[in-house]
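Reviewing the structure listed below.
The values are calculated or read from the model by the stated rules, or taken from the named source; none is laboratory data. Treat the numbers as computed from the prediction; the structure is a model and nothing was measured. Every residue, glycine as well, gets a Cβ built from its backbone with ideal geometry; the counts of neighbours run over all protein chains shown.
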Amino acid sequence: MATAAARPAVLLRRAAALKRGVAAACPEHVQLSRSFSAAHQAQSQSQRASATNPDYAIPNPSRPTHFGFETVTEAEKRERVAGVFTNVAESYDRMNDMMSFGWHRVWKDYFVSSLNPGFSPLTSGPDPRVPQHILDIAGGTGDIAFRMLHTAHAVNGNPDVRVTISDINPAMLSVGKQRSRTLPASQQAALSFVEANAEDLTKTKPLGMSLSPTTPTSPPVNNSTTATSSIPDNSIDLYTVAFGIRNFSNIPAALREAYRVLKPGGVFACLEFSKADKYPILNALYKEWSFRAIPLIGQLVAGDRDSYQYLVESIERFPSQEEFRDMIADAGFVVSGANGGYEDLTGGVAAIHKGMKPRDA
Amino acid sequence: MLPLSSPYPATAAARRTLVHHSISLLQSTGPFAATRSLSSSAGAPRPPRPLLSRARLCWTANGSGPAHHRFRAYHSYDHPAPAGPFNEAEEAILAAAYRQVPEHGFSPEALAIGAREAGYLDISTNLLADGPFSLIRWHLVKQREALAARKTVLFPDGATIDNKPVSVSAKVEALTWERLLGNVDIVGRWQEALAMMAQPSCVPASLKELATLADEILFLAGDVAVDSTWYTKRASLSAIYVGADLFMTTDQSPGFQHTHMFLRRRLTEATDVGNAAGSVREWISFTASAGINMLRSKGMRI
């Protein structure tokens, strides 16, 4: 009888907890489902003309989104993410190494080598090497961009590959700029840095001389693409975003923008933390590490617990591999049929998603 | 509770094979018409290999293609065939790239040239999840799918050998040989491909494809076994196919006659071994039951 009497209390507590959970999760669910149906409609209306932007594609500063486990508006999230990365910019690399035991380098190396930028088949006749323009979004510190340049210029021997590093955060970009000075001159010449919001690449601001006045040797940006303040439609061969997309306020808008700037046949590639649900033991260890150790390391090494708490929570809130794959397909990309459109790394702790803009787009 | 005397095999796979069993009996011999209505509750007869709709092949709008339905190790009349592993854009790139294989091998070069010919960029080959292995898989899948069409050419209805209907084993041999001939165009590059298929990351996909091929051959040959030989036949055919496949890469004889003879010998051996195993099993089961009966006759409670 005692247990029977205790049960209603337990049930009540559970119901209350459930209600809290639903309330917390609700705004995002509403937004997600709306964006999916909107995308659906947009697709069924024959061609996805750029004139018919579904509403979610227009960033709305007052729309609710999430910041870690909190619910904030899109504008607020943008500010707070900027705050996080301004705080961590200096110690970003050291922290990455500590948090992932250096493994993030393996992921990034694999990501870049699997994309194989600058690769061209050896055919007879004129030089078959084709220029490529790579846009590295949220690439502030240059981790991906420098690897891209190395693979393209040194491994594949294609000096006509340019990389534009874009980041919303000038602090991260100037760290990247600083680091790029150790690169060979030819690679430095192929790099450009722009400050832009990935949800709206029509407004870009080249990382001005004002930020790095001591670099008269670095050549002026010599191409029309980055000299103007907009990244034009159909101009990019490869769009990459590594460990950045989960910080975006409006991911569908960013995906549509990626779709816009990519050439038909161009590739969207994303390296991001994901779900390791397929391996429960690994997942348990990983969750333990990320929720207990990482904020602590952040506190001790970078003196900033909150920023790292946010990093961990944002990873937790990021959609699963399949959901994100569907978001990419919703933006109009073709995803591979053979592997479900994504590739798990380290059991799904990170995942690579790729999509191609169709030719007849 | 399933009655013990249920005429249906317990596993879903075996049941579906039974459906195919009874339908193929229906096709060959009229009097089994009643069996069909027993085993297939779906009503109208379905075409044996439903055409895949464009929508399922091309994975765009909301990515509805369930990944777990993409492979099935048996034929079914009750469920539509799983979608192929390639979408429209991949088909275009791979078809163009495949034409480059004799010259460039199963390589990133072939893929990139194929992408260019199909009107895509060099970087577009990133769409293909497994790089050059996608090209190998393309070859395997397309050659396997071509077998169904060859079957009607090889064995038209009422085909006979020595006034007897073509036996299942003869059909298996002919179909396996037909599949091996599918490698002729790219046989110079096939060793590279086999090496790539043996890489750890590619082994599961390669084995699945091999199992599907063995199943396809036995299905097309009209094998209707639903007992444990369903597995042993597929396993032994897979092993024989791999052996003949390897043999073929070094075969210099005109028309690959040596490979054909090799294949025949292996198939004969498999039959012999199967017969021997069957005899041994029969002897063991007879001896065991005789022994038990003898013990019972002595009053032992067994």
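Observations, loosely collected:
- Only residues that are more than 11 Å from every other protein chain (Cβ to nearest Cβ) and touching a strand residue (DSSP E or B) at 6+ places or on another chain (Cβ under 6 Å) were counted in the stretch A:112-141, giving 6.
- Pairs, first at negative phi and outside the structural domain of B:Gln191 (by TED's automatic domain parsing) in the stretch B:87-113, second in a helix (DSSP H, G or I) and among the aromatic types (Phe, Trp, Tyr), C-beta under 7 Å, six or more apart: B:Leu94/B:Trp138; B:Tyr98/B:Trp138
- Within the stretch B:80-92, being out of contact with any Phe, Trp or Tyr (no Cβ under 6 Å at 6 or more places or on another chain) and at pLDDT 75 or above holds for B:Pro85, B:Phe86, B:Glu88, B:Ala89, B:Glu90, B:Glu91, B:Ala92.
- Hits in the stretch B:265-298 (condition: of a type in the set (Gly, Ala, Ser) and either at pLDDT below 90 or closer than 17 Å to B:Ile240 by Cβ (or both)): B:Ala270, B:Gly274, B:Ala276, B:Ala277, B:Gly278
- Residue in the stretch A:82-102 that is nearest to the other protein chains (Cβ to nearest Cβ), counting only those that are of a type outside the set (Ser, Thr, Tyr) and within 18 Å of the chain's Cα centre (by Cα): A:Asn96
- Scope the stretch B:254-273; condition surrounded by fewer than 15 Cβ atoms within 10 Å (Cβ to Cβ) and either within 19 Å of B:Ala174 (Cβ to Cβ) or outside the structural domain of B:Arg189 (by TED's automatic domain parsing) (or both); matching residues: B:Gly255, B:Gln257, B:Met261, B:Arg264, B:Arg265, B:Thr268, B:Glu269, B:Thr271
- Taking each residue of the stretch A:148-173 that is touching a residue at least 60 places away in the same chain (Cβ under 8 Å) and within 14 Å of A:His133 (Cα to Cα) and looking for partners that are part of a strand (DSSP E or B) and polar (S, T, N, Q) with beta-carbon atoms closer than 6 Å, six or more apart or interchain, yields A:Thr164/A:Ser192.
- Residues being within 17 Å of A:Ala89 (Cα to Cα) and buried (at least 20 other Cβ atoms within 10 Å of the Cβ) - total across the stretch A:172-194: 8
- Contacts under 7 angstrom Cβ, first residue in the stretch A:69-98 being among the hydroxyl-bearing types (Ser, Thr, Tyr), partner modelled with pLDDT of 80 or more and assigned to a loop (DSSP other than H, G, I, E, B), 6 or more apart: A:Thr86/A:Asn169; A:Tyr92/A:Thr141
- Some residue of the stretch A:80-92 being in contact with a strand residue (DSSP E or B) (Cβ under 8 Å, 6 or more places away or on another chain) and crowded, with 17+ Cβ neighbours inside 10 Å: yes
- Set A:Thr123, A:Thr141: member being without any contact (Cβ under 8 Å) to a residue 60 or more places away in the chain, under 16 Å from the mean Cα position of the chain (by Cα) and not in a helix (DSSP H, G or I): A:Thr141
- Test result for B:Lys208, over 18 Å from B:His139 (Cβ atoms), among the basic types (Lys, Arg) and at pLDDT below 95: no
- Evaluation of B:Pro132 against (1) closer than 14 Å to A:Ser114 by Cα; (2) at the interface with chain A (Cβ under 7 Å from one of its Cβ atoms) (one fails), failing number: (2)
Conditions tested, residue by residue: (1) assigned to a loop (DSSP other than H, G, I, E, B); (2) within 27 Å of A:Lys263 (Cα to Cα).
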residue: A:Met98; (1), (2): no, no
residue: A:Trp107; (1), (2): no, yes
residue: A:Phe111; (1), (2): no, yes
residue: A:Val130; (1), (2): yes, yes
residue: A:His133; (1), (2): no, yes
residue: A:Asp136; (1), (2): no, yes
residue: A:Ala171; (1), (2): no, no
residue: A:Ser174; (1), (2): no, no
residue: A:Ser186; (1), (2): no, yes
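- Residues that are out of contact with any Gly (no Cβ under 8 Å at 6 or more places or on another chain), at pLDDT below 90 and within 29 Å of B:Ile123 (Cβ to Cβ) occur at least once in the stretch A:328-337.
- Residue count for the stretch B:252-264, restricted to those that are within 17 Å of B:Arg234 (Cβ to Cβ) and of a type in the set (Ser, Thr, Tyr): 0.
- Residue check, A:Val163 in a helix (DSSP H, G or I) and out of contact with any Pro (no Cβ under 8 Å at 6 or more places or on another chain): no
- All positions within the stretch B:93-117 that are facing chain A (nearest Cβ under 8 Å) and of a type in the set (Gly, Ala, Ser): B:Ala110, B:Ala112, B:Ala115
- Members of the stretch B:94-121 that are under 25 Å from the mean Cα position of the chain (by Cα) and β-branched (Val, Ile, Thr): B:Val101
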